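First comes the structure, then the notes that go with it.
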Amino acid sequence: MSKTYRSTRSSSKDTKSFEETIIQGLASDGGLFIPSEIPQVSEETLKQWSQLSFQGLALEIMKLYISSEEIPEADLKVLIERSYSTFRSKDVTPLAKDVTGKNEHLHILELFHGPTYAFKDVALQFVGNLFEYFLQRANKDLPQEQRKRITVVGATSGDTGSAAIYGMRGKKDVSVFILYPTGRISPIQEEQMTTVPDQNVQTLSVKGTFDNCQDIVKAIFGDVEFNKKHNVGAVNSINWARILAQMTYYFYAYFQATNGSPSKVKFVVPSGNFGDILAGYYAKKMGLPVERLIIATNENDILDRFLKSGVYERSDDVAATLSPAMDILISSNFERLLWYLARDVLASNDDQKAGEILNQWFTQLKTKGKFEVDSAVVKHALVDFDSERVSNAETTSTIKETYANSQNPQHYILDPHTAVGVCATKRQMAKDNDKSIQYISLSTAHPAKFAEAVNEALSSFEGYSFEKDVLPDELKVLSTLEKKLKFVEKADVELVKSAIEEELAKMGL
Ligand SMILES: *Cc1c(COP(=O)(O)O)cnc(C)c1O
């Protein structure tokens, strides 16, 4: 029963192995995979874990979710070491304590020290190695023409694409194709994606919108023949391996903030697809004594509205905000939390019944654009969560305020996503007015990735310079490198499919 996975929409007892869960991504009934059981960690174990390195902690956590018959511990250890060797910080995800010198209870958890300077690296560096591991094992004694391969296809409006490319680059038997809307992503994001020279990487600049790109990717996934031929894989935020890899920093940051002595901790998480904060929910359910997880949203606030009204309703239009990685209509990973809420409150702990309820809710979402849950369900959610919605104006003023208040040794500059979280954190602190609580505000990107928003907030400060104060040398170099991209003249599935096949042939795949 344990270390296997089930679908959120299934009313059967069927389970899958970890490998099937990762390679398949989405369950065949349209649901998401969740562990059959959430492993429990004792206080004693937590005490031991508090002494571990990031990598050591990742190993202990992942062992609880992956059977050693599937991945022996020694192999898992190598995968983890390799995945985090690409990070620029020895702590992988360091905790910046009290950046303004005025708030010793506010910590910033810096998740942006990976290759693409955004939090998605923490998961995608691991996912790339995992894919390669599974393929190498399957292909061990096979002749070249019978080797199994994965063709990763994804659409991006920015961060996911570059993190996926850096996760998959150079991986044997894996190729990666990332679609993005021509002229609609930031220059630095385009540079990050298109300057990767590895042969197995190809960016496709598609004349159209992000939604067009996403629709094309969906159509490719639904294309049975193309899929069979190329074994199309997804690395989007619903993949279980991403959630699993993200759990590590909740434990690690908790231990750093509390220094071994038990105290109240709240995590504040800038949220879009709910993948980041969901990892925190699993950490809490495993036994990490987190007081509350705070969902921070921008003006695309479906999660905030749900926690206030019990209605889960997609709006007609996505608002273009200063924190574009959180501009979503629905929050794909929220389905996983809904399953637990349904099971606990409405299904008297019956897994099969919870699957039926989820199926009803998501059928309604599809046909009516919304569903409403019982107030008891919302009440139960509020035991673990709270939420704050942050406007564009507040995002800008938070970047300003943090810059102005921090001088020692250097101004601290928030990216707009992190600023949404910090603004939400300050509101919570004011509401709680409780000095015994430690706040860990997650920083999901380096400010250099969002030049426009950061400059809008800071250009009026005397002495401020983006080039000097924000842009790391490693990113400065990108604009001088050769770009590798393929234009697709029209947002058309057939054109994209033939572009992929043409490139696969060139790759010799
Ligand atoms: C993806 C992303 C988020 C949102 O994370 P979710 O897991 O989708 O909630 C926030 N900030 C940045 C910079 C991101 O790239």
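The values are calculated or read from the model by the stated rules, or taken from the named source; none is laboratory data. Bear in mind that the values here come from a model prediction, so they are computed numbers and not experimental data. Backbone-built Cβ (ideal geometry, glycine too); neighbour counts: all protein chains shown.
Name the single residue, out of those in region 223-254 being more than 16 Å from the ligand (Cβ to nearest atom) and not in a helix (DSSP H, G or I), that is nearest to T444 (Cα to Cα).
G233
Could we say that A342 is more than 15 Å from F371 (Cα to Cα), at pLDDT 95 or above and surrounded by 18 or more Cβ atoms within 10 Å (Cβ to Cβ) here?
Here the answer is no, as A342 does not meet what is asked.
Among the helices (runs of 4 or more DSSP H) confined wholly to region 322-385, which include 1 or more residues that are within 16 Å of the ligand (Cβ to nearest atom) and under 30 Å from Y180 (Cβ atoms)? Even if it seems obvious, please write down each step before you answer.
Values: elements: 334-341, 351-368, 375-384.
Those helices (runs of 4 or more DSSP H) span 334-341.
Condition test on D317, is it of a type in the set (D, E), over 20 Å from the mean Cα position of the chain (by Cα), at pLDDT below 95 and more than 16 Å from the ligand (Cβ to nearest atom)?
Considered against the rule, which asks whether it is of a type in the set (D, E), over 20 Å from the mean Cα position of the chain (by Cα), at pLDDT below 95 and more than 16 Å from the ligand (Cβ to nearest atom), D317 comes out as yes.
Residue-by-condition table, conditions (1) in contact with a Leu (Cβ under 6 Å, 6 or more places away or on another chain); (2) of a type in the set (A, V, I, L, M); (3) farther than 27 Å from D211 by Cα; (4) crowded, with 16+ Cβ neighbours inside 10 Å:
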{"position": "A457", "(1), (2), (3), (4)": "no, yes, yes, yes"}
{"position": "F461", "(1), (2), (3), (4)": "no, no, yes, no"}
{"position": "S465", "(1), (2), (3), (4)": "no, no, yes, no"}
{"position": "L471", "(1), (2), (3), (4)": "no, yes, yes, yes"}
{"position": "L481", "(1), (2), (3), (4)": "no, yes, yes, no"}
{"position": "K490", "(1), (2), (3), (4)": "no, no, no, no"}
{"position": "K497", "(1), (2), (3), (4)": "no, no, no, yes"}
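Return the residue satisfying two criteria in turn: it lies in region 1-38 and is among the aliphatic types (A, V, I, L, M), crowded, with 19+ Cβ neighbours inside 10 Å and over 19 Å from A342 (Cβ atoms), and of such residues it is modelled with the lowest pLDDT.
Only one residue tops the list, namely I23.
For D276, state whether it is under 18 Å from the mean Cα position of the chain (by Cα), at negative phi and surrounded by fewer than 20 Cβ atoms within 10 Å (Cβ to Cβ). Give the derivation first.
Numbers: under 18 Å from the mean Cα position of the chain (by Cα): yes; at negative phi: yes; surrounded by fewer than 20 Cβ atoms within 10 Å (Cβ to Cβ): no.
No; evaluated as a whole, the condition is false for this residue.
Is it fair to say A279 is of a type in the set (A, V, I, L, M), within 16 Å of the ligand (Cβ to nearest atom), modelled with pLDDT of 95 or more and more than 30 Å from V174 (Cα to Cα)?
In short, no.
Please count how many residues of region 112-151 are in a strand (DSSP E or B) and within 13 Å of the ligand (Cβ to nearest atom).
So the count comes out to 1.
Would you mind stating whether S459 is more than 16 Å from the ligand (Cβ to nearest atom), closer than 24 Å to E299 by Cβ, among the polar types (S, T, N, Q) and at pLDDT 95 or above?
For S459, the condition - more than 16 Å from the ligand (Cβ to nearest atom), closer than 24 Å to E299 by Cβ, among the polar types (S, T, N, Q) and at pLDDT 95 or above - is met.
Among the residues of region 453-460, is any under 29 Å from F255 (Cβ atoms) and of a type outside the set (V, I, T)?
no
Restricting attention to region 79-118, which residues are surrounded by fewer than 19 Cβ atoms within 10 Å (Cβ to Cβ) and among the small types (G, A, S)?
S85, S89, A96, G101
Just to be sure, is E299 over 30 Å from L414 (Cα atoms) and either within 16 Å of the ligand (Cβ to nearest atom) or not in a loop (DSSP other than H, G, I, E, B) (or both)?
Working: over 30 Å from L414 (Cα atoms): no; either within 16 Å of the ligand (Cβ to nearest atom) or not in a loop (DSSP other than H, G, I, E, B) (or both): yes.
The answer is no for E299.
For L64, state whether it is crowded, with 17+ Cβ neighbours inside 10 Å and over 21 Å from D351 (Cβ atoms).
It is false that L64 is crowded, with 17+ Cβ neighbours inside 10 Å and over 21 Å from D351 (Cβ atoms).
Would you check if A257 is within 16 Å of the ligand (Cβ to nearest atom) and surrounded by fewer than 23 Cβ atoms within 10 Å (Cβ to Cβ)?
no
Could you please give the count of residues in region 419-433 that are closer than 11 Å to A296 by Cα and touching a helix residue (DSSP H, G or I) at 6+ places or on another chain (Cβ under 8 Å)?
Result for region 419-433: 4.
In region 152-181, what count of residues is obtained for those that are crowded, with 18+ Cβ neighbours inside 10 Å and more than 16 Å from the ligand (Cβ to nearest atom)?
11
Answer yes or no as to whether D469 is touching a residue at least 12 places away in the same chain (Cβ under 8 Å), closer than 30 Å to V224 by Cα and out of contact with any strand residue (DSSP E or B) (no Cβ under 7 Å at 6 or more places or on another chain).
Criteria not met by D469.
Could you give every pair whose Cβ atoms fall below 7 Å, whose first residue belongs to region 476-503 and is among the polar types (S, T, N, Q), and whose second residue is assigned to a helix (DSSP H, G or I), counting only separations of at least 6 or pairs across chains?
S479/E191
Applying the selection to region 390-421, what residues are within 14 Å of the ligand (Cβ to nearest atom) and farther than 18 Å from Y117 by Cβ?
Residues satisfying the conditions are V390, T395.
Of the conditions (1) surrounded by 17 or more Cβ atoms within 10 Å (Cβ to Cβ); (2) farther than 19 Å from T100 by Cα, K431 clears all except one; give me its number.
Result: K431 fails condition (1) only.
Return the residues of region 302-312 that are touching a residue at least 40 places away in the same chain (Cβ under 8 Å) and either within 13 Å of the ligand (Cβ to nearest atom) or under 22 Å from the mean Cα position of the chain (by Cα) (or both); say none if nothing qualifies.
L303, D304, F306, L307, Y312
Filter region 260-276 down to the residues that are in a loop (DSSP other than H, G, I, E, B), in contact with a strand residue (DSSP E or B) (Cβ under 8 Å, 6 or more places away or on another chain) and more than 10 Å from the ligand (Cβ to nearest atom) and list them by number.
Passing the criteria: only S263.
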